[in-house]
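Step one of this worksheet: look at the structure below.
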Amino acid sequence: MGSGRPGGLRRLTERLTRSSDELNSDALKQESNDLGVVHIGDVEPRTLATVCGEVRSVTLRPRDDVPALDVELWDGTDSLHLIWLGRRRIAGIAPGIKVQATGRITRQREVTTIFNPAYEIIGRPGAGHD
């Protein structure tokens, strides 16, 4: 039975026993690498950065004066919040969607945030990638 490569069975066993979150995390990290964007876990406050990841949640934060759409984006290393002031919704932005966003990194109440980012929807759930 020693015809296989050493460690091959171990790697297969690790892959089969990893959670779907771990596998998704690895895929998102690789996608960031492929796109040449910054991992969210590596962003620095007050810098302009382009990140990409999967939308985990979309929340409308009603305010008396200005509503705010808060989108949590996760890339396998960490998450950040994309906040659009004055917006109640953005067509196409929903949990599971992959988004690339560019803007100035800030920290608001210990949460990494980009306000009013430029964005592009780069993938939909179940869609294959080239």
If packing is taken as the mean number of other Cβ atoms within 10 Å per residue, what is the order of 94-101, 82-89, 68-75, highest first? 68-75, 94-101, 82-89
re the stretch 22-130: pairs of Cα atoms spaced beyond 17 Å account for a percent value of 49
Starting from the stretch 28-58, pick out the trypsin sites (Lys or Arg not before Pro) whose DSSP state is loop and whose Cβ has at most 12 other Cβ atoms within 10 Å. ARG46
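Would you mind computing Rg(Cα) / (2.2 N^0.38 Å) for the stretch 69-130, counting N as its residues?
After normalising by residue count via 2.2 N^0.38 Å, the value is 1.13.
How long is the gain from ILE121 to ALA91 if the chain were fully straight, where each residue apart is worth 0.36 nm and the alpha carbon distance is subtracted?
Difference between extended and current length: 9.8 nm.
On a full-extension model of 0.36 nm per residue, what is the gain between THR59 and ARG109, subtracting their alpha-carbon distance, rounded to one decimal in nm? Each step should come with its number before you reach the end.
Numbers: separation 50, 0.36 × 50 = 18.00 nm, distance 1.68 nm.
Here the answer is 16.3 nm.
Bear in mind these aren't lab numbers, they're just calculated from the coordinates by the rules spelled out. Small disclaimer: the values here were computed from a predicted structure and weren't measured. Cβ sites come from the backbone with ideal geometry, for glycine too, and all protein chains shown count toward neighbours.
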